[in-house]
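For reference, the structure is listed below as structure tokens.
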Amino acid sequence: MDKKLITEDGRRLDGRRFDELRPIKFQIGVLKNADGSAYVEWGRTKILVGVFGPRESHPKHLAMPDRCLIRARYHMAPFSVEERKSPAPSRREIELSKVIREALEPAIFVELFPRTTIDIFAEVLQADGSTRCAAISTAALALADAGIPMRDLVSSVAVAKVDGNLVLDVMDIEDKLGDSDMPLAMMPSKNLITLIQMDGLLTNEEFAKSVELAKKGCMEVYAKQKEALDSHFRIASKEEV
Amino acid sequence: MTNQIIPSVKRRQIIELAESGKRMDGRSLTDLRKVEIKTNVVEKAEGSATVKFGDTYVIAGVKFEIGEPFPDTPNEGVMSVSAEFVPLASPGFETGPPDENAIELARVVDRGLRESKLLDTSKLCLIPGKKVWIAWVDIFILDHCGNLIDASSLASLCALLTSKLPKAEVVGDEVKILDEYAPVPLRAVPINITLAKIGDKLFVDPSLDEEEVMDCRLSVAFALDDQKQEKICAMQKGGVGTLSFEELLRAVEIAKVKSQELRKLLPSGEK
């Protein structure tokens, strides 16, 4: 753990300030077959999300009479990381699929589509930290692209403690060598948290500060998400005319 | 349809009771159920413990095995935590490989043990890059009556705290396991506390009834760092509901107090 993660002039290894996001570029409606889709380049993290549904539930016994079933799969491509990852779902991916679903589901009006299923598939093409946060934020756009009624978007970002400093939007090396990692997702205009996880050692005060910083980051991601939706649907509506 | 109607009646009842600070089983919102710990319950395991939280019943066993280290940590032993939701524990559990709930449970327990740096893996190395001790921690849920995360964390912790590491002799590339044991090299001890959110109330150590109708849960693990300062070492939200920022910070404060209470129940000699 000798490698310095903060340079002498108080910058991070990629030149960012502590409270600065990486460049984030969302694209909406990138796939033909999926009912909704979105792609993100979040620093070097690249994720593609496709949404299918609401569609008939398979197998049928999964269907619920009063609401739709939400399923999510988070999956990393074997070539997305330094050492090839087996394509079989790891325990980590299974856990992340669960928390990603739980982060998105509160935003969806599930009661509008009884007996159906909405499938959310997130494929990580390149991983450089904060992949669950990027997947959640991108999936929210894919859901919107699919025309699924939502209470709010879901925006997500991670905060880490590295070399004693709290930093926003964690890249891989900061996650690996840092002292803590805390992904948080929220519905920004509702001010409600839909995902929180943490590992590493933090005092209660440091934790409260991490949460504040994550909230600020989520609001910035939210602005970028809205911008992406705005430009996508503006172009789409022009094409129709 | 009954499985939708009963929970909504139950939920209303739980929320109404909570308005006056009460719960269906007579506890206050911040009371833990009665916690019982037994250690060394399986002699063939290097460490074992059963834990009861009320009627929730969990067993954890530790086995040590010689294996290869991970390439990026050649000088460190390995710890692996798994959980089985065995079918005798609940009518809802089925045979088969661990599902997402069992995997999440194992990973949340693992994170608490790992991030607190409980096990000193640097002392589990036999031949750097080649042979290290692997600590297999296996959790079996025996009776599911709510709050499996805290019961499983405590059972795993107590199994590790009371486990014995076989002594080994290294001669060249060979490792000879001796018929003697040493205590396991341990450091900070993590204690996990889970709260369920139902309506706008937080329930410590949720029962099965409460879990069935909860909006979501938050699990927080606390450990003492090298300076003996109490720190949060792991956290996980589960379930489909949301938390406000105020609720999150309040839950963490309550969890801290309750973790101190639970810490006092550890087998003697451990802090």
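So in chain B, what percent of DSSP beta bridges are antiparallel if you round to the nearest 5?
Values: 53 of 61 bridges.
Looking only at bridges with both residues in chain B, the antiparallel portion is about 85 percent.
Along the three principal axes, how long is chain B when you take its alpha carbons, biggest first, rounded to the nearest angstrom?
Projected onto the principal axes, the Cα atoms of chain B cover 68, 44, 34 Å.
Tell me what chain B gives for mean residue ellipticity at 222 nm when only DSSP H runs of n ≥ 4 count, each as -39,500 (n - 2.57), the sum divided by the residue total, rounded to 500 deg cm²/dmol. Before the final figure, lay out the partial values.
Working: 5 runs with 73 residues, N = 271.
The per-residue figure over chain B is -9000 deg cm²/dmol.
Please give the per residue volume of the convex hull enclosing the alpha carbon atoms of region B:64-131, rounded to a whole number of Å³.
Working: hull volume 7.8 nm³, N = 68.
Here the figure is 115 Å³ per residue.
Quick one: accessible area per residue over region B:18-263, 1.4 Å probe, rounded to a whole number of Å²? Working shown, then result.
Working: 10280 Å² over 246 residues.
Computed with neighbouring chains in place, this is 42 Å² per residue.
Can you tell me the FRET efficiency between A:M219 and B:Q229 if r is taken as the Cβ-Cβ distance and R0 is 45 Å, rounded to the nearest 0.05? Numbers along the way, then the final one.
Working: r = 31 Å, r/R0 = 0.70.
It comes out at approximately 0.90.
Just the C-alpha atoms of region B:5-133: what Rg/Rh do they give, with Rh taken as the Kirkwood radius? Write down the numbers at each step before the final one.
Values: Rg = 20.0 Å, Rh = 18.2 Å.
Computed over Cα atoms, the ratio is 1.10.
May I ask for the Rg/Rh ratio of region B:135-271, computed from Cα atoms with Rh as the Kirkwood radius, given to two decimals?
Working: Rg = 18.5 Å, Rh = 17.0 Å.
Reported Rg/Rh, Kirkwood definition of Rh: 1.09.
For the protein assembly as shown, what are the per-bin percents of Cα-Cα distances with bins 10 Å wide, up to the bin holding the maximum?
4, 18, 28, 27, 16, 5, 1, 0, 0
Considering only B:P128, B:L165, B:F70, whose Cα is most displaced toward the positive end of the charge dipole of chain B, charges sitting on Cβ of Lys, Arg (+1) and Asp, Glu (-1)?
In chain B, that residue is B:L165.
Roughly how tilted is helix A:204-240, in degrees to the nearest 10 and between 0 and 90, from the longest Cα axis of chain A?
The angle comes out at about 40 degrees.
Rounded to whole Å, give me the distance from the Cα center of region B:121-183 to that of region A:46-84.
Cα centres, region B:121-183 to region A:46-84: 36 Å.
How high is the relative contact order of region A:154-239, given as a whole-number percent (alpha carbon pairs under 8 Å, six or more residues apart)? The partial results should precede the final answer.
Working: 125 pairs, mean separation 25.5, N = 86.
It comes to 30 percent, rounded to a whole number.
Among bridges DSSP assigns within the protein assembly as shown, what percent are antiparallel (round to 5)?
Here the share of antiparallel DSSP bridges comes out near 85 percent.
Out of all DSSP beta bridges in region A:24-240, what portion is antiparallel? Express it as a percent rounded to 5. Present the calculation step by step, with values, prior to reporting the outcome.
Values: 40 of 48 bridges.
If we restrict to bridges inside region A:24-240, about 85 percent are antiparallel.
So how many Å³ per residue does the convex hull of the Cα atoms of chain A work out to?
Details: hull volume 33.4 nm³, N = 241.
Per-residue hull volume (Cα only) is 139 Å³.
Enumerate the helices in chain B for which the Kyte-Doolittle hydropathy averages -1.0 or more and the C-alpha atoms extend at least 20 Å along the helix's axis, using complete DSSP H runs. Kindly include the intermediate steps, with their values, before the conclusion.
Values: long enough: B:2-19 (26 Å, -0.32); B:100-115 (22 Å, -0.46); B:245-263 (27 Å, -0.23).
Helix filter hits for chain B: B:2-19, B:100-115, B:245-263.
Once you put a point 7 Å from the Cα of A:A208 and another 7 Å from the Cα of A:E227, both along the Cβ direction, what distance in nm separates them?
Inter-label distance under the simple model: 3.3 nm.
Report relative contact order for chain A in percent, whole number only (criteria: Cα-Cα under 8 Å, sequence separation at least 6).
On the way: 529 pairs, mean separation 51.1, N = 241.
Result for chain A is 21 percent.
Probe radius 1.4 Å, ligands and nucleic acids left out: can you give me the accessible area buried at the B-A interface, summed over both chains, in Å² to the nearest hundred? Before the final figure, lay out each step's value.
Details: alone 13910 and 12260 Å², together 22920 Å².
Result for this pair: about 3200 Å² buried.
Using a simple charge model, +1 on the beta-carbon of Lys and Arg, -1 on the beta-carbon of Asp and Glu, nothing else, what dipole does region A:24-240 show about its Cα centre, in debye to the nearest 20? Walk me through the numbers on the way to the answer.
On the way: 28 positive and 32 negative charges, 128 e Å.
Computed about the Cα centre, the dipole is about 620 debye.
If I stretch the segment between B:S80 and B:L208 completely, what's the gain in nm (0.36 nm per residue apart, minus their alpha carbon distance), one decimal? Each step should come with its number before you reach the end.
On the way: separation 128, 0.36 × 128 = 46.08 nm, distance 2.75 nm.
Separation in residues times 0.36 nm, less the Cα-Cα distance, equals 43.3 nm.
Less than 14 Å apart at the alpha-carbon level, and either on another chain or at least 8 residues along: which aspartates and glutamates does that give for B:K117?
A:D179, A:D199, B:E76, B:D225, B:D226, B:E230
The values are calculated or read from the model by the stated rules, or taken from the named source; none is laboratory data. As the structure is a prediction and not an experimental result, all values here were calculated from the model. Cβ sites come from the backbone with ideal geometry, for glycine too, and all protein chains shown count toward neighbours. Areas reflect the complete protein model, heavy atoms only, side chains present, ligands, DNA and RNA absent. Shrake-Rupley method; radii C 1.70, N 1.55, O 1.52, S 1.80 Å.
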